[in-house]
Amino acid sequence: MADPFLHVEAADVYYGASQILFGIDLAVEQGQTMALLGRNGAGKSTTFKMIAGLAPPRRGKVALAGQGLAGRPSYRIARAGIGYVPENRQVFPDHTVDDNLIVAAKKGPRGDHHWNRGRIYEVFPILASMKDRLAGRLSGGEQQMLTIARTLMGNPDVLLLDEPSEGLAPIIVQAIGELIKTLRGMGVTILLAEQNMHFCLGIATHATVIDKGQIVYRATIDELRHNEDIKQRYLAV
Ligand SMILES: Nc1ncnc2c1ncn2[C@@H]1O[C@H](COP(=O)(O)OP(=O)(O)OP(=O)(O)O)[C@@H](O)[C@H]1O
Ligand SMILES: [Mg+2]
């Protein structure tokens, strides 16, 4: 059987002397929307930083489409197809929405250029209506959408979204959820870190649960939905 598309194997990550991740195994296939669920401090962001090359694993492997990524500098990992959207929204505040997209434009790892401004504005109509506005003037939710849009402009193979709903009003959270569903419908491969299981239930196809730096459960989202024990133990809200 072929290796999973995005494959993390037995990865350990340390911050200084303290070990944060313990033997992480994670597999995401093309077209899946995988939720990485876990409580505050469980290790979701660290897992993303490991994949993106900001917190390289001391042991273990990270591979995308069979190509090893662990140990490479983060800009090369991005070029290899990892589209990482970190927790803190990063836009160029003094530039327009349109310019933010223009500077992020890049071909994908195999020269693909599926994502361009035209397609972005189709999928994110709210950004189209504000294309000449300074990004620093956008609301938190609009900046979150722009951050996702900027990352898509790099034509990644996998989109890593770290708690995109965090700190946003419920109506905006719903809009972000709809957006992620649209991307899923377009076949985008997504790894989504969330504390909020309810947000993921209607969005993700699969779920992996992390607790205290270890993977404790993996299943389809429907299996998770019906597993009261796992929800109680690791995701109780
Ligand atoms: N730079 C750092 N140095 C030392 N320890 C850190 C650092 N960043 C995170 N940690 C610790 O690593 C553990 C995992 O943190 P991480 O940010 O990956 O969790 P998380 O699942 O993303 O949590 P949250 O839901 O709050 O975003 C926590 O115990 C945290 O205190
Ligand atoms: Mg986090």
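Rule-based calculations on the coordinates, nothing more; no lab input. In this text the structure is predicted, and so the values were computed from the model without any measurement. Virtual Cβ from ideal backbone geometry, glycine too; neighbours counted across all protein chains shown.
Helix 140-152 axis versus longest C-alpha principal axis of the chain: approximately 80°, rounded to the nearest ten.
Expressed to the nearest 5 percent, the antiparallel share of DSSP beta bridges inside segment 6-235 is 55 percent.
Near Val209: Cβ cut-off under 14 Å, other residues only, Lys/Arg at +1 and Asp/Glu at -1. The net charge is +1. Normalised by the number of residues in the chain, the mean separation of alpha-carbon contacts (under 8 Å, six or more apart) gives a relative contact order of 27 percent. Dipole magnitude for segment 6-235: computed about the Cα centre from +1 point charges on Lys and Arg Cβ and -1 point charges on Asp and Glu Cβ, it is near 560 debye.
Electrostatic bookkeeping for Asp229 treats Lys and Arg as +1 and Asp and Glu as -1; over the other residues with beta carbon under 14 Å from its beta carbon, the sum is 0. Hey, if you put +1 on the Cβ of every Lys and Arg and -1 on every Asp and Glu Cβ in the chain, which of Leu183, Leu152, His198 ends up farthest toward the positive end of that dipole? Final value for the positive-end residue is Leu152. Spherically averaged projected area of the convex hull of Cα atoms, segment 1-71: 4.9 nm². Rounded to whole Å, the principal axis extents of the Cα atoms in the chain read 47, 37, 37, largest first.
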